Amino acid sequence: MSDLRTEEYYLNMGPHHPSTHGVCRMVLKMDGEKVKEIEPHIGYLHRSIEKICENRTYAQCIPILDRFEYVTAMSCNYVFALAAERLASIEVPERAEHIRVIMLELNRIASHLLFYGVTAMDIGALTPFLYGLRERESILDLFEMTCGQRLTYNYIRVGGVSRDLPNGFIPKCHEALNTIEKKLADYEGLLNENPIWLVRTVGIGVLPAKVALDYGVSGPCLRASGVQYDLRRNDPYSIYDRFEFDIPVRHNGDCYDRYLLRLDEIRQSIHIVRQALDALPEGDFKAKVSPNFKPPAGEVYARIENSRGELGVHVISDGTKKPLRVKTRGASYNHIAVLPAFATDVLLADLVAIFATMDVIMPEVDR
Amino acid sequence: MQGGIGNMGIFKDIKALFSGMRITSKHLGRHAITLQYPEEKWEMPERSRGVVVLLSDKEDGSLNCTSCMLCMRACPTAAIVIDSPRDPETKKRNLKKFEIDFGLCCFCGLCEEACNFSAIKLATKYEFSSADKDSFLWDVNKLQEVGRDVDYIDTRKKKKVAPKKETTPAETKSPEKKPVDQKGENS
Ligand code: SF4
Ligand code: SF4
């Protein structure tokens, strides 16, 4: 056996691989089952969103940016509106701010529920996928009754939101939150102690805090590595400073912690939505902003914490009704970039688990 | 890390597996939350953004559109094409062409928001997929036909009843322009 000659080989994973959450190709240098090197190839989903935005008015950019990160399209709506509001110094009514927080947090819950299901499915458990999507459905129903769409909302506008909350939204929202809170125990019961799940996630893909910081990893992936950094606290936007909530942190930085952290975040988001619903004031839901408004020349970078991490948009205005340049920043880009730095020397099957728990979504990378 | 099973003890593992099974079995007798789609359908919420239609006057059935082209300018994908040349004598617009290309439309609803005359709306209807690309180009007749039974709140009527309050240029023009659409429709 000792004279058996072995050699490293290259393996293409993707572009059309079900666990790449979109279209991502990874060229893997393999030694048997072990991944030695990873080289992510991106760009398959490029839709030129930034360039398209340069030829649209500020109001028209928002439905385009819905497609930027479609799992949490509310955040994309919001971050652009925030940038435009800062450029043009627009005051947003109180009620609108509350509605926005409700929507952003509901969207975070929906995104984490999708994460829960999809990650479990990537690792080989089908049941959680069905459960996660069932509860996500109740949130999508809320979005549909509010803005008419389930995925590309186009709801948050420069200066407010497009429509007021519909009749019956508040009781329905409370009901959905209660159900999700109850079902979280089921979710945890399915996976948290499942021996197969533990073997597949505990200690797998440990992302050290220093590497994470060096590569600009943000959001739950960073917090699972022990760094308490959340833009809702560290760079408060909207009215987040008024609500009481914790920033969950975990310290091992492995797949299991990244998974648990997101379940913790769902609880915190439920808490925020409840507070916002209770504090919801009467009043206008939108400031008066002309659809063709012209912000003064200047530039602004707005960033928010969405379910994946820092979502930012840099808008440069030349004083006309269309932005001169729109640059978007998605957390997933950094989450892919960091893979070669820490996800080596793992089994190929574990790479799938790591990729899934980094919660990468390709449209955000390629935009 | 690979020794997870050994460390935890076989009994704990079996217990964990059974607790998972218990959660699954709780759902055994439950009703499915899904529907048998083509036979059964969800009732769409009233704000649901489906196909774009042109609305007609509730009384005389004529198009509400005044060819002001605001929706065309608001559309981010240039799905709407309107051609309404001004009549050289009366200086009024004549709606010659109103087309929406659903291959381009992204169902954002900006056209509905831009329109001041309750003339265009995203109805709750869906199911207009087709294998033929050309069939996505709907002309004014088709848009009006599909929109006939769509219920809407007519915001124009209020302005007609009380035209003297807060007369902005757009509002004062609306009653004059109304007859034009009928011409446009007949032509
Ligand atoms: S549908 Fe409305 S906005 Fe569009 S041209 Fe007609 S009246 Fe104007
Ligand atoms: S829904 Fe949006 S994309 Fe479609 S026609 Fe109206 S404005 Fe254009």
Query raised in the report: For residues in the stretch B:47-82 being touching a Leu at 6+ places or on another chain (Cβ under 8 Å) and charged (D, E, K, R), which is nearest to ligand 2 (Cβ to nearest atom)?
Result: B:Arg49
Report summary line: Apart from one, (1) crowded, with 20+ Cβ neighbours inside 10 Å; (2) in contact with a helix residue (DSSP H, G or I) (Cβ under 6 Å, 6 or more places away or on another chain); (3) within 12 Å of another protein chain (Cβ to nearest Cβ) all hold for A:Pro195; the odd one out is (1)
Requested in this report: Check B:His31 against each of (1) surrounded by fewer than 17 Cβ atoms within 10 Å (Cβ to Cβ); (2) within 16 Å of ligand 1 (Cβ to nearest atom); (3) not charged (D, E, K, R) and name the one condition it does not meet.
Outcome: (2)
Report task. State whether the residues of the stretch A:234-250 include one that is crowded, with 19+ Cβ neighbours inside 10 Å, farther than 16 Å from A:Glu305 by Cα and modelled with pLDDT of 85 or more. Result -> no
Query raised in the report: Is it true that B:Phe98 is within 10 Å of ligand 2 (Cβ to nearest atom) and among the aromatic types (Phe, Trp, Tyr)?
Result: no
**Report entry** Checking B:Leu63 against (1) within 15 Å of ligand 1 (Cβ to nearest atom); (2) more than 30 Å from A:Arg136 (Cα to Cα); (3) out of contact with any Gly (no Cβ under 8 Å at 6 or more places or on another chain), the condition it does not meet
**Finding:** (3)
Report task. Kindly provide the set of residues from the stretch A:203-217 that are within 10 Å of A:Gly253 (Cβ to Cβ) and not in a loop (DSSP other than H, G, I, E, B), ordered by number. Result -> A:Ala209, A:Val211, A:Ala212
Query raised in the report: Just wondering, is there one or more residues in the stretch A:143-151 that are touching a helix residue (DSSP H, G or I) at 6+ places or on another chain (Cβ under 9 Å), more than 11 Å from every other protein chain (Cβ to nearest Cβ) and aliphatic (A, V, I, L, M)?
Result: no
Query raised in the report: From A:Leu45, A:Leu65, A:Leu106, which residue is away from chain B (no Cβ under 14 Å), buried (at least 23 other Cβ atoms within 10 Å of the Cβ) and either over 24 Å from A:Leu277 (Cα atoms) or within 13 Å of the chain's Cα centre (by Cα) (or both)?
Result: A:Leu106
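Could you name every one of the helices (runs of 4 or more DSSP H) located completely within the stretch A:45-88 that has at least 2 residues being among the small types (Gly, Ala, Ser)?
In the stretch A:45-88, A:73-88 are the helices (runs of 4 or more DSSP H) which contain 2 or more residues that are among the small types (Gly, Ala, Ser).
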Query - Close pairs (6 angstrom Cβ cut-off, 6 or more residues apart or separate chains): farther than 26 Å from A:Arg67 by Cα in the stretch B:68-91, near ligand 2 (Cβ under 10 Å from one of its atoms) and of a type in the set (A, V, I, L, M, F, W, C) anywhere - result: B:Ile82/B:Met72
Query raised in the report: Given the conditions (1) of a type in the set (Asp, Glu); (2) assigned to a helix (DSSP H, G or I); (3) at pLDDT below 90, which single one is not true for A:Glu91?
Result: (2)
Query raised in the report: Taking the stated definitions as given, is A:Gly189 within 21 Å of A:Arg267 (Cβ to Cβ), out of contact with any strand residue (DSSP E or B) (no Cβ under 7 Å at 6 or more places or on another chain), at the interface with chain B (Cβ under 10 Å from one of its Cβ atoms) and not acidic (Asp, Glu)?
Result: yes
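The values are calculated or read from the model by the stated rules, or taken from the named source; none is laboratory data. Just so it is clear, the structure is predicted and the values come from calculations on it, not from any experiment. A quick note on method: Cβ atoms are made from the backbone with ideal geometry, for glycine too, and the neighbour counts reach across all protein chains shown.
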